[in-house]
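Reviewing the structure listed below.
The values are calculated or read from the model by the stated rules, or taken from the named source; none is laboratory data. Keep in mind that what you see is a predicted model, and the values were worked out from it rather than measured. Cβ coordinates were reconstructed from backbone atoms using ideal geometry, including for glycine residues, and neighbour counts include every protein chain displayed.
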Amino acid sequence: FIGVSNFMEAMIKGGDQNAAEVLLEGSSSPVAIPLRKSYTGKAILSARPEQVFFSDTEGIPGTITISTFLGDFIEYEIALENGKSIQLNEYTKDVGKLRPDGEKVKVKFDTQKVSLYAEETKEVLSC
């Protein structure tokens, strides 16, 4: 990978090619992610910072630890409740304000753009 990627453990249940049910660590609600082939078991999700976004309603809970304005985008480091940290990039053209450090947030992933890998074989599972 070139650049930054966030990696999270995941469990895939009833995985088929249309929409596998994927439960990410730190989340209580599964998300639907299309797969290349049927799969059930442990996986690793990889998401670039621009594939992570804030949600007002549901998502993985965390706290903003560092927010950095970088011109075209704001880079956030978020400490998740499960002890892991992820990076989220929010483009300034799409937002009206910088979120403050310490703010409690919920994050979600762009399920059409993330990558999933089988935990043991590292085989690419996502489309």
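Quick one: is Ile86 at pLDDT 95 or above, within 11 Å of the chain's Cα centre (by Cα) and surrounded by 18 or more Cβ atoms within 10 Å (Cβ to Cβ)? Spell out how you get there, then give the answer.
On the way: at pLDDT 95 or above: yes; within 11 Å of the chain's Cα centre (by Cα): yes; surrounded by 18 or more Cβ atoms within 10 Å (Cβ to Cβ): yes.
Here the answer is yes, as Ile86 does meet what is asked.
For region 36-59: of the residues being part of a strand (DSSP E or B) and of a type in the set (Gly, Ala, Ser), which is surrounded by the most Cβ atoms within 10 Å (Cβ to Cβ)?
Ala43
Can you find a residue in region 48-70 that is in contact with an Asp or Glu (Cβ under 6 Å, 6 or more places away or on another chain) and either under 18 Å from Gly3 (Cα atoms) or of a type in the set (Phe, Trp, Tyr) (or both)?
Yes: one or more hits.
What are the pairs, 6+ residues apart or on separate chains, where a residue within region 46-69 that is without any contact (Cβ under 8 Å) to a residue 40 or more places away in the chain has its Cβ under 8 Å from a residue that is part of a helix (DSSP H, G or I)?
Phe69/Thr92
Does region 15-35 contain at least one residue that is touching a Lys or Arg at 6+ places or on another chain (Cβ under 6 Å), closer than 21 Å to Lys122 by Cα and surrounded by 13 or more Cβ atoms within 10 Å (Cβ to Cβ)?
yes
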